[in-house]
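Step one of this worksheet: look at the structure below.
What follows is calculated from the coordinates using simple rules that are stated; it is not laboratory data. These numbers were taken from a predicted model, which means no experiment stands behind them. Every residue, glycine as well, gets a Cβ built from its backbone with ideal geometry; the counts of neighbours run over all protein chains shown.
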Amino acid sequence: MNLRHLTIFKMVCEKGSITGAAKALSMTQPAVSHAINELEESVGSPLFDRVSRRVVINENGKFYLSKVNPLLELYQDLENYSGTLHLNAPLRIGSCVTLGSYLLPGVVSRFTLSNPDTQIKVSVSSSQDITGKLMKNELDIGLVEGVISDDQLEKIPFSSYPLAVICAPSHPLAKSGDQPVTLEELIKAPLLLRETGCTIRDTFDYALALNNLSSEPLWTSTNSDVILQAVKENIGIGVVPRIFADECIQHGDIVEIEIKDFNISCMNHLVFQKDKFQTESFQAFINLVLFE
């Protein structure tokens, strides 16, 4: 029994005769009869009654037809998707928290407008988690910060953002005048930093280490907005992406501190497996990010 047998069986049922089925399928009558005999032998039961040189579907045949019809409809659906299946598969995007906050929503919105038939599934997590999911093929594309060391991943730098050292307007370091604050002065103040392992934190700690210094933060947080709000309340000195702090700086809610010889930024990368099959939607998403 195969798909050919089932197709011929269904057509005989629809046409009510071997002759009609043979004509519809551009087959000879003996070929149709032979296929029906093979199917009945495979099933182990007659599917038609032979009455006066005619075939009439019996109760076994009616029951069998009820099972065959959904199967053939499903096969037809699969055939309809042939060549376009990649257009209907969802695109799985992973993003670190920072890029998920200020970049990803706009990219997804524009992608959806130009690719309405492609569903986007998004996971926002740490850069380390995103690269791990890419390696397990649980994601198609990642937007991550910092250095990606795995050689199996393709890494395309597309932007960077500076980090800002911020404090409340009433904080003593905000009144340091025209003289930049030294790193030694900075690390003596209560620091509000992102969690260890976060690219922002690692970038900050690495920059300190280059000057033989280290930090012992008062607060650590997985969310830059938490740090921003704590800075507003004059709890300590925060280090966040400048894009998160710009509006508050402009409104005078916080102040950016100039640190002597300390300009740091995070590089952003598009990341995916090197041998990943790139569908049209995959390439369209990458182009949107690269030319954002």
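May I ask for the net charge around HIS34, where only other residues with Cβ less than 15 Å from the Cβ of HIS34 are counted and Lys, Arg are +1 while Asp, Glu are -1?
Working: positive: ARG4, ARG50; negative: GLU38, GLU40, GLU41.
The answer is -1.
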Sorted by chain and then number, the residues having a modelled amide H within less than 5 Å of the amide H of GLU258, at least 5 places away or on another chain, are VAL181
Within the set GLY94, GLY146, GLY16, GNM on the chain using Cα springs under 10 Å gives the largest fluctuation to GLY16
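In what sequence do SER95, SER123, SER170, SER26 fall when counting other Cβ within 10 Å, fewest first?
Working: SER95 26, SER123 15, SER170 9, SER26 6.
Going from least to most buried by this count: SER26, SER170, SER123, SER95.
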For LYS62, the lysines lying under 30 Å Cα to Cα, once residues fewer than eight places off in the same chain are dropped, come out as LYS10, LYS15, LYS23
Computed over the range 3-82, the distribution of all Cα-Cα distances in 10 Å bins, rounded to whole %, is 18, 52, 25, 4, 0
Counting sequence-distant residues (5 or more places) and residues on other chains, those with an amide H built under 5 Å from that of ILE264 are LEU163
Straight-line reach check, LYS133, cutoff 16 Å on alpha carbons, 8 or more apart in-chain or any other chain, hits among lysines -> LYS121, LYS155, LYS274, LYS276
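Restricting to DSSP loop positions (anything but H, G, I, E, B) with no more than 13 other Cβ atoms inside 10 Å of their own Cβ, which chymotrypsin sites (Phe, Trp or Tyr not before Pro) remain in the range 175-280?
Numbers: sites: PHE204, TYR206, TRP219, PHE244, PHE262, PHE272, PHE277; in loops: PHE262, PHE277.
Counting only loop positions with at most 13 other Cβ atoms within 10 Å, the chymotrypsin sites (Phe, Trp or Tyr not before Pro) in the range 175-280 are PHE277.
What is the sum of charges, Lys and Arg at +1 and Asp and Glu at -1, for the other residues whose Cβ falls under 11 Å from the Cβ of ALA164? Don't skip to the answer; put the middle values down first.
Details: positive: ARG242; negative: ASP246, GLU256, GLU258.
Here the count lands on -2.
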Candidates for Rg and Dmax of the Cα atoms in Å are (i) 32.7, 109; (ii) 19.3, 62; (iii) 17.7, 52, and the calculated one carries label (i)
For LYS175, the lysines lying under 19 Å Cα to Cα, once residues fewer than eight places off in the same chain are dropped, come out as LYS188, LYS232, LYS260
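Quick check on the chain: helices-only [θ] at 222 nm, where DSSP H runs of length 4 and up contribute -39,500 (n - 2.57) each and the sum goes over total residues. Nearest 500, please.
Numbers: 13 runs with 136 residues, N = 292.
Result for the chain: -14000 deg cm²/dmol, rounded to the nearest 500.
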